[in-house]
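Remarks on the structure that follows.
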Amino acid sequence: MIEQFFGLLLALFEQTGLAAISAGNIIMMIVGGVLVYLAIAKRYEPFLLLGIGFSCIVANVPGSDLTAPGGLFYYAFRGVELVIIPPLIFLGVGAMTDFGPMLARPGLMILGAAAHAGIFIAIILAKLAGFSISEAGAIGIIGGADGPMAIFVAMKLAPHLLPQIAVAAYSYMALMPMIQPPVMKLFTSKAERSIVMTQTRKVSRLEKIVFPFVIAIIVNLLLPPVAPLVTMLMLGNMLREVLLVDRLANTVANDLMNVITIILTVAIGSTMAADRFLTYTTLLIVGLGLIAFLGGTASGVIAAKFLNLFIKDKINPLIGSAGIASVPIAARVTHVVALKENPYNFLIMHAMGPNLAGVFGTAISGGIMLALLGVK
Amino acid sequence: MTVPDTLEGAVILSVVDFFLSIVIIYGISLVLHLFPYLNRLGNLTDEKLKSGH
């Protein structure tokens, strides 16, 4: 009788997750907890980190069926895997974004390309570390600091590395307020960081309406591999700027964007299962991603300083770091670093120009990469 | 022809991609430099748009 009782208890215990929990699961649950802590206590991008951290914890509870076929987290990830979610994110971003600062001073767009040298440093280092050229390209695009684009390129070049790449890209984007300032200060003097920029011109409604059409045509003509993302970005922006369909623009920018954000963050976090994630490859990718971010920030600042050699109306070189993309996080970082030098220097709108150009810079780099590697 | 899967290939990919990115984005910025000329076509105010002209 007693034997039967304990036998039943043992059988029950074996059916729970407790019997299968590993040290790896516990480590990853702690990682998820740290992400949630950063979101709540430090306010680092709570919109991203809360969902990622929560689903990371749940994905590492043995016995949880949410990440298995039939579970909701699994289908959230399928949306990412099938490249449905990234274009929808871009649709929402387009409807939320005023490209006016970029249109007001197009000369600074070049910073959106220059701040992506980190991508290429990471590609070469990844190849040296033994990754294939396709894997190296997918890892390098982490330095584009653009989550949907990183997912899109990873799915095309190295789908098996998607969890690591997506987590690295989104985590570093959320942690940019910690990553960028030391590099920005390293490459600039106090005097440079204190440069006050002149007011930019006002961009008319007509220009803002024409812009999405022109970019959609250029990107579909020149960069078909990444056209789905940029086209959706421009569609969202067109809905915003025509002022005639506020209901659609608001839905895309708010309700749809919120739903997609929940799906995306849950999908990314749910891929952080210990058995897939706690590997040497992950460590390498996370390290290379960090190098890409640091390299991109440095190259953007250096490029801005270089531009200052040729222009009369000097720019604050800190805005070069915003060219890395990650809208609007990088622009906010620029603004905050400049404010610390001069509390009356409001750089946010100046930084938004290169920041928005960075989105195109990442898309262009990704498109050229896919074309050079023969991927459609 | 695609880039070879070697270190040399990675360097070529990086250099070509970086260079072309700068060229394309510079090209886009040149197009955007022309945008202020659009305003010669007429003035489209927010009020006009919202009221259906």
Task: Residue check for B:F35: surrounded by 19 or more Cβ atoms within 10 Å (Cβ to Cβ), within 18 Å of A:G112 (Cβ to Cβ), out of contact with any strand residue (DSSP E or B) (no Cβ under 6 Å at 6 or more places or on another chain) and not basic (K, R) - done: yes
Open item on the list: Quick check on the stretch A:1-28: of everything there that is of a type outside the set (A, V, I, L, M, F, W, C) and assigned to a helix (DSSP H, G or I), which residue is surrounded by the most Cβ atoms within 10 Å (Cβ to Cβ)?
Closed with: A:N25
Open item on the list: I'm trying to understand the selection: among the residues of the stretch A:232-246, which are open to solvent by less than 10 Å² (accessible area, probe 1.4 Å) and free of Cβ contacts under 8 Å to residues at least 40 places away in the same chain?
Closed with: A:E241
Task: Any chance B:L38 is out of contact with any Pro (no Cβ under 6 Å at 6 or more places or on another chain), facing chain A (nearest Cβ under 7 Å) and of a type outside the set (D, E, K, R) - done: yes
Open item on the list: Criterion first (touching a Ser or Thr at 6+ places or on another chain (Cβ under 7 Å), of a type in the set (A, V, I, L, M, F, W, C) and open to solvent by 20 Å² or more (accessible area, probe 1.4 Å)) does A:V286 satisfy it?
Closed with: no
Task: Set A:G144, A:G94, A:G137: member being within 22 Å of A:F306 (Cβ to Cβ), of a type outside the set (A, V, I, L, M, F, W, C) and open to solvent by less than 10 Å² (accessible area, probe 1.4 Å) - done: A:G144
Open item on the list: I'm trying to understand the selection: among the residues of the stretch A:144-161, which are in contact (Cβ under 8 Å) with a residue 40 or more places away in the chain and assigned to a helix (DSSP H, G or I)?
Closed with: A:G144, A:G147, A:P148, A:M149, A:I151, A:F152, A:V153, A:M155, A:K156, A:L157, A:P159, A:L161
- [ ] Any residue in the stretch A:59-87 that's modelled with pLDDT of 90 or more: show its pairings with residues that are of a type in the set (D, E, K, R) and part of a loop (DSSP other than H, G, I, E, B) at Cβ separation under 8 Å, as long as the two are six or more apart or on different chains.
- [x] A:G71/A:D65
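The values are calculated or read from the model by the stated rules, or taken from the named source; none is laboratory data. Here the structure is a predicted model, which is why all the values come from computation and not from measurement. Glycine gets a Cβ as well: all are built from the backbone with ideal geometry, and neighbour counts include every protein chain shown. Ligands, DNA and RNA are excluded from the accessible area calculation, which covers all protein heavy atoms including side chains. Shrake-Rupley method; radii C 1.70, N 1.55, O 1.52, S 1.80 Å.
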